[in-house]
Amino acid sequence: MRPDAQKPVLRQLSLGSVMDAIISHGPISRAQIAKLTQISKQTASEVIRELETSGWVQVHGQTRGGIGRTAVTYTIRPEAAYVAGVDLGGTQLRMAIADLACTVVAEASEPTDPRGAVAVVDQIAALADRLARDHGIAREHIRLLVVGTPGILDPATGSIRVAPNITGLDRIDVVALLGEAFGVDVIVENDVNIGALGERWLGRARGIETFVYIALGTGLGMGIVADGRIIRGARGGAGEIANLPIGGDPRDPANRLHGTLETAIGSAGIVARYVAAGGAPALSGTSFTKRLFWSGIHCTTLPRIGLSRTPGTPCTSPVVASPIHSSTASADVLRNEKRLASADQYGASTQRPAGSATCSSAPVASLVSVISRAHGGIP
């Protein structure tokens, strides 16, 4: 059972604060817990005993080097519970299962079910079952499901609006259906907002309280963080920049479904430009990115779209995000066709072509710059 299940409010607060202290500062002694949480030593001892009995914490060792008696220290039991995280995209569904120590113990990805709606909910449940089974995790030990999804969650209905790349999510109660399938608490959040929080936690935005995070893939979105908190707007659409009237004609019917800006610089738009320049018609956005990555010469293109170079760091492929220079990027790839076999052969274990330059990027700053300059139109 959960450590706070069916407990009085004050007891829940004590349990929660002690768990937070152990997770954040463990290995930690009872006296240190009492000091950090500002609860009495007796209460700290009682809570620790309860958590240890119910399998949430474990003895780690003893304090050393101090004056006086040694104290027993405690840490969280990583395998006491797991959380499943889902990145639900228009073309790919990715899932990872992590333990209480934030260690990813299982992960997988597969194409998103094109039927959308309930079929996608069933797909998430089936993938979780398979991952848990394959890695020896008891299904009931997954205590929380977090889903990052495109679009805007409607808290009143549990449906997800403005997610054209996954059909039917606006017609079902996604939160309730996932809750029924998993039998645990479910958190559904905009995927780009989650990405922004991830950057603030472990990425380039560590220590930064106010910033924007722009994600480009099948779709396009922006996460806004101000004073350490996600800004959603009055109706949840603060970061929905796909429909900004730049990069094309907003009155063109072709731009209505996915938005003018997303149509221009989303993966489908990039591939369309690539094909128009003479590229392979069957090439996907992912394959195009791989080709651009492995061509090596895109590093020479970076200064033209305001990206920086740092010698000795891995190449990245933010150049494909540019609505102004995506034609240049397509041409760069085409000029390297003779150097590249099928993009599918280039995996994580493949070495980059000899002599290719190294570069790095500041993706948030560069994409904001690209979007702002797109007001001038796309050549």
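The values are calculated or read from the model by the stated rules, or taken from the named source; none is laboratory data. Quick caveat: nothing in here was measured; it's all calculated off a predicted structure. Using ideal geometry, Cβ is built from the backbone for each residue, glycine included, and neighbour counts are taken over all protein chains shown.
Testing residue 178 on (1) aliphatic (A, V, I, L, M); (2) in contact with a Gly (Cβ under 8 Å, 6 or more places away or on another chain); (3) not in a loop (DSSP other than H, G, I, E, B), one condition comes back false. Which one is that?
Failed condition: (2).
Do we have residue 69 as assigned to a loop (DSSP other than H, G, I, E, B), over 28 Å from residue 97 (Cβ atoms) and without any contact (Cβ under 8 Å) to a residue 12 or more places away in the chain here?
For residue 69, the condition - assigned to a loop (DSSP other than H, G, I, E, B), over 28 Å from residue 97 (Cβ atoms) and without any contact (Cβ under 8 Å) to a residue 12 or more places away in the chain - is met.
Going through 121, 146 one at a time, which residue ends up being farther than 28 Å from residue 15 by Cα, assigned by TED's automatic domain parsing to the domain that holds residue 188 and of a type in the set (A, V, I, L, M)?
121
What strands (runs of 3 or more DSSP E) completely inside segment 181-251 contain at least 1 residues that are within 21 Å of residue 102 (Cβ to Cβ) and more than 16 Å from the chain's Cα centre (by Cα)?
185-190
Please work out if residue 63 is surrounded by 13 or more Cβ atoms within 10 Å (Cβ to Cβ), assigned by TED's automatic domain parsing to the domain that holds residue 135 and either touching a strand residue (DSSP E or B) at 6+ places or on another chain (Cβ under 8 Å) or at negative phi (or both). Talk me through it step by step, then tell me what you get.
Details: surrounded by 13 or more Cβ atoms within 10 Å (Cβ to Cβ): yes; assigned by TED's automatic domain parsing to the domain that holds residue 135: no; either touching a strand residue (DSSP E or B) at 6+ places or on another chain (Cβ under 8 Å) or at negative phi (or both): yes.
When the stated conditions are applied, residue 63 does not pass them.
Of the residues in segment 129-163, how many are assigned to a loop (DSSP other than H, G, I, E, B) and over 18 Å from residue 118 (Cβ atoms)?
Selection size over segment 129-163: 7.
Would you confirm, using the coordinates I've provided, whether residue 114 is loosely packed, with under 13 Cβ neighbours inside 10 Å and not β-branched (Val, Ile, Thr)? Spell out how you get there, then give the answer.
On the way: loosely packed, with under 13 Cβ neighbours inside 10 Å: yes; not β-branched (Val, Ile, Thr): yes.
For residue 114, the condition - loosely packed, with under 13 Cβ neighbours inside 10 Å and not β-branched (Val, Ile, Thr) - is met.
Determine whether residue 270 is hydrophobic (A, V, I, L, M, F, W, C), at pLDDT below 90 and not in a loop (DSSP other than H, G, I, E, B).
yes
Among (1) within 30 Å of residue 221 (Cα to Cα); (2) touching a residue at least 24 places away in the same chain (Cβ under 8 Å); (3) in contact with an Asp or Glu (Cβ under 8 Å, 6 or more places away or on another chain), there is one condition residue 124 misses while meeting the rest; what is its number?
Going through (1) within 30 Å of residue 221 (Cα to Cα); (2) touching a residue at least 24 places away in the same chain (Cβ under 8 Å); (3) in contact with an Asp or Glu (Cβ under 8 Å, 6 or more places away or on another chain) one by one, residue 124 breaks only (3).
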